[in-house]
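Student: Following this message is one structure expressed as structure tokens.
The values are calculated or read from the model by the stated rules, or taken from the named source; none is laboratory data. Because the structure is predicted, anything quoted here is derived from the model rather than measured. Note: ideal-geometry Cβ built from the backbone for every residue, glycine included; neighbour counts use all protein chains shown.
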Amino acid sequence: MLPEPERTDSGYRAYTADAVRVVRFVKRAQELGFTLDDIEDLLHLAQGRPASCEEARTMADTRIADLRLRIDELTAMRDALARLIDTCDQPRAERDCPILRDIETAATTTASTARE
């Protein structure tokens, strides 16, 4: 994403202010969950192509949908853990935790598949 920087006589790389801007842009986009491929597209869009806004909006809409899915999954996990905490003092057979059930089911399935 960055051109190879010039080197000083002592061998240090001399980055331009524009290179620093790009690195900051990349790091911030990564924090927002964009992939490097997405970030490369965003950098091109930031240069102002005519369809820039629409393309950026489409990418953002896709990212929002991904985030909503992750939020739903995390909320479900939080709720399952809260149910587990609420039932921790009960005998094991009376505890209700979908996460533990899922792990046990996956472990059983994996073990039976490995034996076949």
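Student: Among the candidates ASP66, ASP89, single out the residue that is acidic (Asp, Glu) and within 17 Å of the chain's Cα centre (by Cα). Step through it out loud before you land on a result.
Tutor: Numbers: ASP89 fails: within 17 Å of the chain's Cα centre (by Cα).
After ruling out the rest, the residue left standing is ASP66.
Student: Could you give every pair whose Cβ atoms fall below 6 Å, whose first residue belongs to the range 83-105 and is part of a loop (DSSP other than H, G, I, E, B) and surrounded by 11 or more Cβ atoms within 10 Å (Cβ to Cβ), and whose second residue is of a type in the set (Ser, Thr, Tyr) and at pLDDT 70 or above, counting only separations of at least 6 or pairs across chains?
Tutor: Final answer for the pair search is ARG95/THR87; ASP96/THR87.
Student: Residue check: is ARG83 touching an Asp or Glu at 6+ places or on another chain (Cβ under 8 Å) and basic (Lys, Arg)?
Tutor: Spelling it out, ARG83 is indeed touching an Asp or Glu at 6+ places or on another chain (Cβ under 8 Å) and basic (Lys, Arg).
Student: Same structure again: Do the conditions hold for LEU43, that is, is it touching a residue at least 40 places away in the same chain (Cβ under 8 Å), among the aliphatic types (A, V, I, L, M) and either surrounded by 10 or more Cβ atoms within 10 Å (Cβ to Cβ) or outside any helix (DSSP H, G or I) (or both)?
Tutor: So LEU43 passes the test.
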